[in-house]
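See structure below.
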């Protein structure tokens with residue numbers, strides 16, 4: 001069955017350490033990474049589009065060309081004068097990453113400012129995914145514009161997917177952060193949190209507490225990612241299901257582990273609705289991704 005997936009958020013210029021003192025430039029960002037992996041594993045009769053905003057500068061043109069070459073649609077990406085993409089640098093130590101960001105003039109901060117454009121994109125889509133980073137970069141009024149459209153989409157039966165992906169450095173106020181993350185969950189029919197984020201920022205003592213809190217927010221389907229410990233699913237009124245992680249001999253770069261899981265999961269789930277099979281497939285893909293450098297790993301490397 002054909003369909004349309006829409007990912008909403010910010011794609012950035014990525015600088016990664018290369019040999020010597022050189023840096024390698026690419027483009028990535030949690031919501032785009034998810035779109036990339038969803039496109040990789042969805043059948044051809046599904047379209048994947050990216051909803052964001054970029055500038056009119058040379059780097060923005062390069063970003064649009066890059067996105068299009070991955071097979072992800074760019075028709076919903078707005079162009080904004082006097083703005084440019086944000087930039088981040090990855091720092092790696094023993095496979096774990098940290099980041100430095102430069103995004104004060106990021107055009108993506110204005111992605112929800114055109115409410116009519118946003119509504120058209122959401123109404124044209126069957127599956128919509130967004131993240132806590134998407135919410136964190138927006139002004140409060142734009143957050144409400146976005147969540148209002150997503151609540152409408154959920155109400156008419158679209159699959160609205162939210163990865164809280166909590167990055168505290170992006171939020172000026174932690175109370176507002178928790179309130180907004182909870183509002184994002186209420187607008188969603190599926191939530192894909194990482195347990196370490198939930199225990200750190202919401203005080204959840206175990207995965208059952210995370211699942212219970214999101215169920216109280218009205219989320220029907222919950223997939224809790226717990227790194228090497230595996231994934232726990234609660235779908236509807238059914239029992240919890242546990243999917244073990246895939247062992248990895250050598251971790252090269254954990255960048256995009258969760259994003260690749262999200263994209264691969266959705267690519268399989270929308271085809272047959274089997275959450276356990278989708279999670280098992282996504283766990284295999286995420287394990288392959290962290291064995292390579294960078295956020296966007298070519299498909300041939302994942303099959304090797």
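Out of 104, 100, report the one residue that is closer than 30 Å to residue 21 by Cα and part of a loop (DSSP other than H, G, I, E, B). I'd like the intermediate steps shown before the answer.
Values: 100 fails: part of a loop (DSSP other than H, G, I, E, B).
Every option except 104 fails the conditions.
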Study note, to complete from the structure: Exception for residue 133 within (1) part of a helix (DSSP H, G or I); (2) over 27 Å from residue 58 (Cβ atoms); (3) at pLDDT 95 or above falls at (2)
Exercise for review: Could you tell me whether the range 58-66 includes any residue that is under 18 Å from residue 294 (Cβ atoms), within 17 Å of the chain's Cα centre (by Cα) and at pLDDT 90 or above?
Suggested key: no
Review point. Would the range 110-118 turn up any residue that is more than 21 Å from residue 140 (Cα to Cα) and loosely packed, with under 15 Cβ neighbours inside 10 Å?
Key: no
Exercise for review: Count, please, the residues in the range 4-20 that happen to be outside any strand (DSSP E or B) and at pLDDT 80 or above.
Suggested key: 3
Review point. Do you know which of the residues in the range 223-235 that are touching a helix residue (DSSP H, G or I) at 6+ places or on another chain (Cβ under 6 Å) and surrounded by fewer than 20 Cβ atoms within 10 Å (Cβ to Cβ) is farthest from residue 199 (Cα to Cα)?
Key: 235
Revision key, fill the gap. (1) surrounded by 15 or more Cβ atoms within 10 Å (Cβ to Cβ); (2) over 27 Å from residue 82 (Cβ atoms); (3) without any contact (Cβ under 8 Å) to a residue 40 or more places away in the chain all hold for residue 93 apart from (1)
**Study point:** Subset of the range 55-72 that is within 25 Å of residue 44 (Cα to Cα) and in contact with a helix residue (DSSP H, G or I) (Cβ under 8 Å, 6 or more places away or on another chain) - its residue that is surrounded by the fewest Cβ atoms within 10 Å (Cβ to Cβ)
**Key:** 71
Point to revise | Matching residues in the range 261-278 - criterion: being part of a helix (DSSP H, G or I), surrounded by fewer than 20 Cβ atoms within 10 Å (Cβ to Cβ) and either without any contact (Cβ under 8 Å) to a residue 60 or more places away in the chain or touching a helix residue (DSSP H, G or I) at 6+ places or on another chain (Cβ under 7 Å) (or both) | key: 272, 276, 277
Review point. From the list 286, 264, 278, which residue is modelled with pLDDT under 95 and closer than 16 Å to residue 40 by Cβ?
Key: 286
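Keeping to the range 18-54, report how many residues are out of contact with any strand residue (DSSP E or B) (no Cβ under 7 Å at 6 or more places or on another chain), in contact (Cβ under 8 Å) with a residue 60 or more places away in the chain and surrounded by fewer than 24 Cβ atoms within 10 Å (Cβ to Cβ). Show your work before the answer.
Looking only at the range 18-54, we keep the residues that are out of contact with any strand residue (DSSP E or B) (no Cβ under 7 Å at 6 or more places or on another chain), and these are 19-22, 33, 36-37, 40-41, 43-45.
Now drop any that are not in contact (Cβ under 8 Å) with a residue 60 or more places away in the chain, which leaves 33, 36-37, 40-41, 43.
From what is left, the residues that are surrounded by fewer than 24 Cβ atoms within 10 Å (Cβ to Cβ) are 40-41, 43.
Number of matching residues: 3.
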Review point. All but one of (1) in a loop (DSSP other than H, G, I, E, B); (2) over 16 Å from residue 163 (Cβ atoms); (3) in contact with a helix residue (DSSP H, G or I) (Cβ under 8 Å, 6 or more places away or on another chain) hold for residue 281; which doesn't?
Key: (1)
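Is it the case, given these coordinates, that residue 32 is more than 16 Å from residue 296 (Cα to Cα) and within 16 Å of the chain's Cα centre (by Cα)?
no
Which one of these is surrounded by 14 or more Cβ atoms within 10 Å (Cβ to Cβ), out of contact with any helix residue (DSSP H, G or I) (no Cβ under 9 Å at 6 or more places or on another chain), farther than 26 Å from residue 117 by Cα and without any contact (Cβ under 8 Å) to a residue 60 or more places away in the chain: 216, 198, 220? Explain how you work it out, then say what you get.
On the way: 216 fails: surrounded by 14 or more Cβ atoms within 10 Å (Cβ to Cβ); 198 fails: out of contact with any helix residue (DSSP H, G or I) (no Cβ under 9 Å at 6 or more places or on another chain).
220 is the lone residue from the list that is surrounded by 14 or more Cβ atoms within 10 Å (Cβ to Cβ), out of contact with any helix residue (DSSP H, G or I) (no Cβ under 9 Å at 6 or more places or on another chain), farther than 26 Å from residue 117 by Cα and without any contact (Cβ under 8 Å) to a residue 60 or more places away in the chain.
The values are calculated or read from the model by the stated rules, or taken from the named source; none is laboratory data. This is a predicted model, so every value here is computed, not measured. Reconstructed Cβ throughout: ideal geometry from the backbone, glycine too, with neighbour counts over all protein chains shown.
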